Amino acid sequence: MAHFEWENGAHATDRIGQSILLGRAEYADVRFQDDMGCSREQARLEHSARGWILQPLSQNTTTFLNDAVLGNATVLTDGDIVSFSAQRLIFRDDTPQEQRSISQSAAPRHSTSASRQGVSGSSGDVIIGRSTDHANFILDHPAVSRRHALFRGIPNASIRDLGSTNGTYVNGNPVQGDHRLLVGDRIEIGPFSLVFDGASLELQSRPGEVALTGIGLCVDVPSQAAGSKPS
């Protein structure tokens, strides 16, 4: 079970069973009818084997998780702050600790790290980033944002930048929207380079290794004066 509470500690919702809809609509399970900045269907919280998952639904009003834009479905942990429009809610996981530990061991939120050499394409949606609180695959470097990119696995593998500071690049080109991946595509995130092998992303470089990647380079070739011979 879980619930949301206001920052003053008062309960904002009753205990949640398996799923609730947050929004302004009359059919929402948690309704914010007087908040016109809140969408009719703002977000949905559902319980799964991975834990409590928050899915942003609104196309007009941004949902934030711990003051960062929530771009895709993300597993919540006790104490996470969910905010949108004028609302600011604290997620509380009422699941007994021993049951929570079993669930997390069965499907850990942050099961992948850079030492694992790559990201499996059979893992479903994987958030790549620097934060151990918001990413599944950790790339620990200041040039990597907390929630940097989203990798969607096979059969339709793709990569999406999640509004990172330094961008995500595929074969030297900045990623715009969902970018379908082909075998051999090279993904650049901060100082890290990952190659898509058709099934997974394989980490190719790490901080400390010297590599120079040119992105958007051009060469100016001066024109020769009339009548001059090339040297």
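Between residue 180 and residue 55, what's the calculated FRET efficiency when r is the beta-carbon distance and R0 is 25 Å? Round to 0.05.
The value I calculate is 0.65.
Amide H neighbours of residue 189 under 5 Å, counting only residues 5+ apart in sequence or on other chains, H built in-plane at 1.01 Å?
Long-range HN contacts for residue 189: 194.
Once you order the gyration tensor axes a ≥ b ≥ c over the Cα atoms, which shape class does the stretch 143-207 get: rounded for a/c under 1.5, otherwise prolate or oblate by comparing a/b with b/c?
Because a/c hits 1.5 or more and a/b fails to exceed b/c, the stretch 143-207 counts as oblate.
Starting from the stretch 1-60, pick out the chymotrypsin sites (Phe, Trp or Tyr not before Pro) whose DSSP state is loop and whose Cβ has at most 11 other Cβ atoms within 10 Å.
Passing both the DSSP loop test and the Cβ count: 27.
Tell me which GluC sites (Glu not before Pro) from the stretch 23-60 have a DSSP coil assignment and no more than 10 other beta carbons within 10 Å of their own.
Loop-located and lightly packed - 26.
Only the coordinates and a few stated rules stand behind these numbers; no lab work does. Everything numeric here is computed off the predicted structure, so don't read it as measured data. When we count neighbours, we look across all protein chains shown, and the Cβ atoms used for this are built from the backbone with ideal geometry, even at glycine.
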